[in-house]
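The values are calculated or read from the model by the stated rules, or taken from the named source; none is laboratory data. Quantities reported herein were computed from a predicted structural model and do not represent experimental measurements. Cβ: placed from backbone, ideal geometry, glycine included. Neighbour counts: every protein chain shown. Keep in mind that these areas ignore ligands, DNA and RNA; they rest on the heavy atoms of the full protein, side chains included. Shrake-Rupley method; radii C 1.70, N 1.55, O 1.52, S 1.80 Å.
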Amino acid sequence: MEPLVERTRLARTISDAQDELKSFRTYLRWMCVDQSNIWMGCLSWFMFIVFGLLVPLVSHFMLACSTCDATHTRPYDWVVQLSLSSVSALSFVCLTRFVKKHGLRRFLFLDKLCDESETVRKQYTVQLNRSLKIVSFFVLPCFIAETAYKIWWYASGASQIPFLGIVWLSDTVACVMELCSWLYRTTVFFLVCVLFRLICNLQVLRIHDFAKVFNVDSDVGSVLREHLRIRRQLRIISHRYRAFIVWCLILVTFSQFTSLLITTKSNSRLNIYKAGELALCSITLLTGLCILLRSATKITHKAQSVTSLASKWHVCATLDSFDEGETPRTPAIHDQQVLPHVGANGESEGDDPGEEDDELDNCKLIPAHAYSTISYHKRQALVTYFEKNQGGITVYGTALDRSTLHTIFGIELSFVLWILGKTI
């Protein structure tokens, strides 16, 4: 029986053309970031050098258009090109390293799904299939806006590019190359962010499935082993993505502060034609950063909610044991007061459940049958372990939770106010 189980587990790690990653591999191949063999690797690096570095460099220096009118000048183009190229280079290098070192299946933890429940496998497969649609959902609106701006800029006669001899053909080639470069850099950046969101959602599904052990009779040892397995995968995710998150935060912050500094000068003349592309670039970078931070804080919040759930489980079990006569119960003053009627789920009459309660950290009592076989000392030891090992996404030892986001926001706001104080 054991060899059969081992063969089943290994069978899921074998890649074939009909597995659940077929659409992903096709997408990576069309994006030219697939490095499954040496030829695809060379093509991938070639496309990155062309669309990620050369086209932005050439377009900035050759299409500066210093002789254009005030509407068609591009004074903020260097910030746009440098920002998009830097984050796309970071994303491309990280994605290449992830896939080359771990493989696509191991990187997305598909080889671990054989140990999960059927519910987790089905929901993760659905989210895996939706992830590419999410990338398109973020990229497509920005690309439409960028396309409209570029078409207007070239069609209105802003440039006279002589390298092809024919003006309209030169403008068409330059416009298409710029749009392809923008689409390539933005898609690579969003792809890495959405993959991080996908991996975090898998851990959220696992934590929700893990929380069910508090509603049934469970052995403390099995609960501890499952939680250790979840914490190990959270550490793996944190280790893989910590450099990307830190550098992404640094690059986006530098880009936004530079944009703020050059747009608040006394001699700057802002309008939609000059600063529209800069605003679009800022929206793109901030959206990708928000995907990263929101995904990290979500999984950290869910991991910390397990501690609250375990504490409530321990309290409910202790109260139930008191009622059974394990420890004498003395009446207290508040027992003699008139209290509102509380139902079995911990809610008073007339309360609306609403949507404020978290799925794990809610106000509902745990049924008594869920802890009848676990002693007080075992429950106390398990709760103490959860309090000391809450888990979550960490960046070099710092947990990415809501308090960390508040700290980052405070630091960023201080820099913004400092820059405004120097420029206004």
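Here are some notes:
- Across K302, K112, K265, the residue with the most accessible area heads the list, and the full order at a 1.4 Å probe is K265, K112, K302.
- In the context of the full protein assembly, D209 retains an accessible surface of approximately 50 Å², using a probe radius of 1.4 Å and ignoring ligands and nucleic acids.
- Per residue, the solvent-accessible area of region 19-291 (1.4 Å probe, heavy atoms of protein chains only, all protein chains present) comes to 46 Å².
- Cα-based convex hull volume of region 19-291 per residue, rounded to whole Å³: 142 Å³
- Listed peptides 306-315, 142-151, 238-247, 401-410 appear in the order 306-315, 238-247, 142-151, 401-410 once ranked by packing, highest mean of other Cβ atoms within 10 Å at the front.
- Label positions at C114 and V93, each projected 7 Å from the Cα along the C-beta direction, are separated by 3.6 nm.
- Here region 19-291 has 69 percent of its accessible surface on carbon and sulfur atoms, given a 1.4 Å probe and all protein chains in place.
- Rg over Rh, two decimals, region 117-276 (C-alpha only, Kirkwood Rh): 1.18
- Considering all C-alpha pairs of region 82-204, those separated by over 19 Å amount to 60%.
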